[in-house]
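Report on the structure given below.
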Amino acid sequence: MLGYSSSEIINVHTPSIIHEIDEVISRAEILSKKLGYNVPPGFESFVAKVRTEDVDTNEWTYIRKDGSRLPVLLSVTAIRDNDQKIIGFLGIARDITGQKLSQKALEESEARYRSMVENSTEVIYKTNKEGFFIYANEVAEKLTGYKNEELLQIRYTDLIRKDRKKNVIIHYIQQVENNKPATYYEFPIIMKSGEEKWIGQSVQMTKLKNGTIEFTALAIDITERIYYERKILQQKEKYQNIITNMRLGLLEVDNEYTILFANPGFRNMSGYQMDELIQKNSSNLFIEESNSEFLNERKQLRKQGVSEMYEVPVKNKKGETRWWMVSAALSYDEKGNHTGSIGIYLDITEKKQLELELEQAKSKAEELAKTKESFLANMSHEIRTPLNAIIGMIRELSKQKLTEKQKEY
């Protein structure tokens, strides 16, 4: 262990040859305070305690013959005769180099882990089986508003919003009962200031050697995400209500014109129920064969990415011919792929009927106008015919010498 032969040591040197002098001095000072009298640095640093006790075990640094150092665990006991008189001392040293290396590696690992935990941007905390905090990093303090010493006096459940507390407790009870190593859960907490925050946390369950359970949680603040999700949900509900209650029809189809969704307005217009529409082809269901060419033109325009508005005659469930005005736009998925079309439908049958009646009235008026023109022309001819004779006679008479009476006449 040390590189000396027995002849170089026995009856030649005291143990001081293999010890660091600074450690010997330091040990003497410690013993002096503990034993209450001055222990001189040197041999007494090793044996002073065992004069009154059975064994003294400490870590020391041995110096090898070549000057290299060696960590050892040295146990010193007194050797006594039959009368319990001390006649010598026995030292047993064990090389703890491997242990020291392992300990150093462990300390370095713990230091790295602690640094990672303390510098983490996420909340990291530990609780025992009863839910009491046994550790919380600085982020946990900042998020909750409680100081570390305050957190270590309460349960994590004390922070949960009251109406959600029961659900959270049940969740973690089930984790224990089902022996799940890890789970994820989201819930609201109330900060010390009274402000509400939402956290999403992953919890690791660890069974300790003593049979108890420990929980390690890594949590993030998801308040902003929850806020936007609520806003999106509110907007979705708002537009859903608009779609549901509006008198216009809304129909969503895929690229093959298979119906994916129809709002109540469209169902009222068409006369069909939802289960009669879903997965049906809208072209075959409503458009007459005579308008197939018109519909194919619409499909080609849709493939080219064209949105448009048009009017088309359709058949409803009762077989009645109705006119719909359609405003069609393309629909896309989150990757920008064209997935189909969404159409807004307005029943313009009454408008079309009025247009038809207007057209008929216009035609009738034009016919009446032509009849009037023909009548006036005929009347004009009939009137002109006798007048021409009278005018001619007057002209002839004007050429003759007439009496005053005739002229008067």
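The values are calculated or read from the model by the stated rules, or taken from the named source; none is laboratory data. This structure is a prediction, so every number in the text was calculated from the model and none was measured. So basically every Cβ, Gly included, is an ideal-geometry build from the backbone, and we count neighbours across all protein chains shown. These area figures cover heavy atoms from the full protein model, side chains too; ligands, DNA and RNA do not enter into them. Shrake-Rupley method; radii C 1.70, N 1.55, O 1.52, S 1.80 Å.
Taking the criterion of being surrounded by 15 or more Cβ atoms within 10 Å (Cβ to Cβ), in a loop (DSSP other than H, G, I, E, B) and among the hydrophobic types (A, V, I, L, M, F, W, C), the only residue of region 1-28 that qualifies is Leu2. Of the residues making up region 37-54, those that are open to solvent by 70 Å² or more (accessible area, probe 1.4 Å) and closer than 12 Å to Phe89 by Cα are Phe43, Arg51, Asp54.
When region 345-360 is examined, which residues are found to be open to solvent by 60 Å² or more (accessible area, probe 1.4 Å) and either touching a residue at least 60 places away in the same chain (Cβ under 8 Å) or in contact with a Pro (Cβ under 7 Å, 6 or more places away or on another chain) (or both)? Matches in region 345-360: Leu346 only. Taken over region 202-228, the criterion of being under 25 Å from the mean Cα position of the chain (by Cα) and basic (Lys, Arg) is satisfied by Arg225 alone.
Quick one: Gln153 ticks every box in (1) surrounded by 13 or more Cβ atoms within 10 Å (Cβ to Cβ); (2) assigned to a loop (DSSP other than H, G, I, E, B) except a single one, so which number is it? In the conditions (1) surrounded by 13 or more Cβ atoms within 10 Å (Cβ to Cβ); (2) assigned to a loop (DSSP other than H, G, I, E, B), Gln153 misses (1) alone. With respect to the stated conditions, Lys34 fails to be touching a residue at least 60 places away in the same chain (Cβ under 8 Å), open to solvent by 50 Å² or more (accessible area, probe 1.4 Å) and more than 60 Å from the chain's Cα centre (by Cα).
Select from region 268-309 the residues that are surrounded by 15 or more Cβ atoms within 10 Å (Cβ to Cβ) and either among the β-branched types (Val, Ile, Thr) or in contact with a Gly (Cβ under 8 Å, 6 or more places away or on another chain) (or both) and write down the one among them that is farthest from Leu248 (Cα to Cα). This residue is Ile287. A single entry from Leu218, Leu159 fulfils the requirement of being surrounded by 11 or more Cβ atoms within 10 Å (Cβ to Cβ) and modelled with pLDDT of 95 or more: Leu159. So, Arg112, is that one under 30 Å from Ala217 (Cα atoms), open to solvent by 30 Å² or more (accessible area, probe 1.4 Å) and of a type in the set (Lys, Arg) or not? Spelling it out, Arg112 is indeed under 30 Å from Ala217 (Cα atoms), open to solvent by 30 Å² or more (accessible area, probe 1.4 Å) and of a type in the set (Lys, Arg). Listed here are the helices (runs of 4 or more DSSP H) enclosed by region 242-318 that have at least 1 residues being of a type in the set (Asp, Glu), over 19 Å from Thr349 (Cα atoms) and within 40 Å of the chain's Cα centre (by Cα): 274-277. Scanning region 55-71 for residues that are part of a strand (DSSP E or B), touching a residue at least 40 places away in the same chain (Cβ under 8 Å) and either farther than 12 Å from Asp95 by Cα or among the β-branched types (Val, Ile, Thr) (or both) yields a total of 2. The single residue among Ser363, Ser327 that is farther than 25 Å from Ala262 by Cβ and either surrounded by 10 or more Cβ atoms within 10 Å (Cβ to Cβ) or modelled with pLDDT of 80 or more (or both) turns out to be Ser363. Going residue by residue through region 58-73, is there one that turns out to be closer than 22 Å to Leu101 by Cα, more than 60 Å from the chain's Cα centre (by Cα) and exposed (fewer than 12 other Cβ atoms within 10 Å of the Cβ)? Yes, that holds for at least one residue. Residue under question is Ile213, and the condition is that it be open to solvent by less than 30 Å² (accessible area, probe 1.4 Å) and touching a helix residue (DSSP H, G or I) at 6+ places or on another chain (Cβ under 7 Å); does it hold? Yes: the conditions hold for Ile213. Residue pairs whose Cβ atoms lie under 7 Å apart, sitting 6 or more positions apart in sequence or on different chains, and linking a residue in region 209-223 that is farther than 16 Å from Arg155 by Cβ to a partner that is exposed (fewer than 15 other Cβ atoms within 10 Å of the Cβ) and among the small types (Gly, Ala, Ser), are Leu218/Ser202.
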